[in-house]
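Everything below concerns the one structure shown next.
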Amino acid sequence: MDHGLARRLGTADATVLGLAAMLGTGVFTVFAPAAAYAGQWLLLAVALAGLVAACNAFSTADLAARYPESGGGYVYGRELLAPWAGRLAGVAFLVGKTGSAAAAGLVFGSYVLPAHSLCAAIPTILVIAGLNALGVRWTVRGAWALVPAVLGILAVVVLVGLIWRVPADWAVPGVPTDTAGTVDITPAGAVAAPVTPLGVVTAAGLVFFAFAGYARIATLGEEVRDPAHTIRRAIPLALGIALVAYLAVGGAVLHALGVTRLAGEAAPLAAAVAGTEEPALGAMVRLGAAAATVSVLLSVLVGVSRTQLAMARRGDLPGCLAAVSRRGTPWRADLVGALVAVVIALFTNPASAVALSACSVLVYYGVINVAALRLPAADRRWPVWSSVLGLTLCFGLAALLPWPVVVVTALALLLGVLLSTLLARRGGRMPSGTASG
């Protein structure tokens, strides 16, 4: 028996869950690789990423209000476009968000245990996934506790970063000098070369990773009260708060560290407060990073499991992943998502995981924007041009990300869609209900 998912979340809960997914991994790591491409134009890249996110948010809000169920873009693509489009969106979401979970774990390790970040990352991913699978109801409560704390710490980083500059020869105590998170996706000499418009666009694609957490709200379609109003209010509100925070933090770390130093930092926010020579500030920022990345894992892994649930219900993933326990959690999907995130973490670093996630999620939102164009006028609150602009920018930013990441993402999505299609044709479409786990 499928017990379903309880509708228990209001607008405030959904907004905080979206912020919990955004004010985490991205804000604590993405400014480093983005600065390597955008240089002093980093804030322009943040603004461009925010524009893309806004267009995507408008399309997502309208679609989520029309189709209030788990699955997000996977459901929208199937219902309004074609089964293969839904599979592409679903696979892109799963690749992007498991990459995001891996990045969250690795950033947690970079701030908490810099010399052995992987040793901290893997247990953190597995523990949080296990708690989700057991039905521990701390996702909303945890978000309410963590989001205000993270915002407070970011405010301290902004204040300190705008007042102090870190000396060029300053070494952050306890942090290896060779752990730059951008080495494998940043072209040699990028920070010394003149910044080009294409470089700013590449940086915007990386920064978009930090905004992509509002997709978490759309995947809660089966768990919010009055989806037509709740989701349409929560997504723009969470996005606006995040944009203000990112612009402020980006300006502060750029002022404190300069372009070259910022581009080479594995823990840029901790480095930005190092100029005060107050160890307590550095410890506070590291604690905030730990809280924020845990918050991201709480929300991202739930979003991954809900999308697996939706795909399994329709036969595009193995039916065993559609099992919902008596505690109301798709526990098998929770565990599978965590294991994939661990594999990604084992073979990458934070910057590469961020780029992989950004590229995949941009493709996901490209499908969402196409689906939004198929909505009847009566179901749209936002103008059609916003979906057209979002579609254009999504694929433009994705194509201009570092080419190794684009190639890996394209192969992963192609393989995933092919396997999902073969599975669907072999097993046929499943009914909505499946046996309980």
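The values are calculated or read from the model by the stated rules, or taken from the named source; none is laboratory data. Just so you know, these numbers come straight off a predicted model, no measurement behind them. Positions of Cβ are generated from backbone atoms using ideal geometry, with glycine treated the same way; all protein chains shown enter the neighbour counts. Accessible surface areas use protein heavy atoms only, side chains included; no ligands, DNA or RNA. Shrake-Rupley method; radii C 1.70, N 1.55, O 1.52, S 1.80 Å.
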*Can R332 be described as in a loop (DSSP other than H, G, I, E, B) and open to solvent by 60 Å² or more (accessible area, probe 1.4 Å)?*
no
*Restricting the search to the stretch 337-369, which residues are among the β-branched types (V, I, T) and either in contact with a Ser or Thr (Cβ under 8 Å, 6 or more places away or on another chain) or surrounded by 24 or more Cβ atoms within 10 Å (Cβ to Cβ) (or both)?*
V340, I344, V354, V361, V363, V367, I368
*Is at least one residue of the stretch 28-49 within 14 Å of I235 (Cα to Cα) and in contact (Cβ under 8 Å) with a residue 40 or more places away in the chain?*
no
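Check whether at least one residue in the stretch 370-384 is open to solvent by 20 Å² or more (accessible area, probe 1.4 Å), under 17 Å from A89 (Cα atoms), modelled with pLDDT of 90 or more and not in a helix (DSSP H, G or I), and report yes or no.
Yes, there is a match, as at least one residue in the stretch 370-384 is open to solvent by 20 Å² or more (accessible area, probe 1.4 Å), under 17 Å from A89 (Cα atoms), modelled with pLDDT of 90 or more and not in a helix (DSSP H, G or I).
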_Whichever residue in the stretch 385-411 is of a type in the set (G, A, S) and closer than 17 Å to V95 by Cβ and, among such residues, is surrounded by the most Cβ atoms within 10 Å (Cβ to Cβ)_ = A398
*When the stretch 31-55 is examined, which residues are found to be open to solvent by less than 10 Å² (accessible area, probe 1.4 Å) and of a type in the set (A, V, I, L, M)?*
A32, A34, A35, A36, A38, L42, A45, V46, A49, V52, A53
*Right, Y67: more than 16 Å from V361 (Cβ to Cβ) and of a type outside the set (K, R) or not?*
yes
*Has the stretch 300-318 got any residue that is of a type outside the set (K, R), free of Cβ contacts under 8 Å to residues at least 60 places away in the same chain and outside any helix (DSSP H, G or I)?*
no
*Exclusive hit being open to solvent by less than 30 Å² (accessible area, probe 1.4 Å), within 18 Å of the chain's Cα centre (by Cα) and not hydroxyl-bearing (S, T, Y), set A101, A82*: A101
*Quick one: how many residues across the stretch 255-284 are surrounded by 24 or more Cβ atoms within 10 Å (Cβ to Cβ) and assigned to a helix (DSSP H, G or I)?*
10
_I'm trying to understand the selection: among the residues of the stretch 396-418, which are over 17 Å from P197 (Cβ atoms), touching a helix residue (DSSP H, G or I) at 6+ places or on another chain (Cβ under 7 Å) and not small (G, A, S)?_
V405, V406, V408, T409, L413, V417
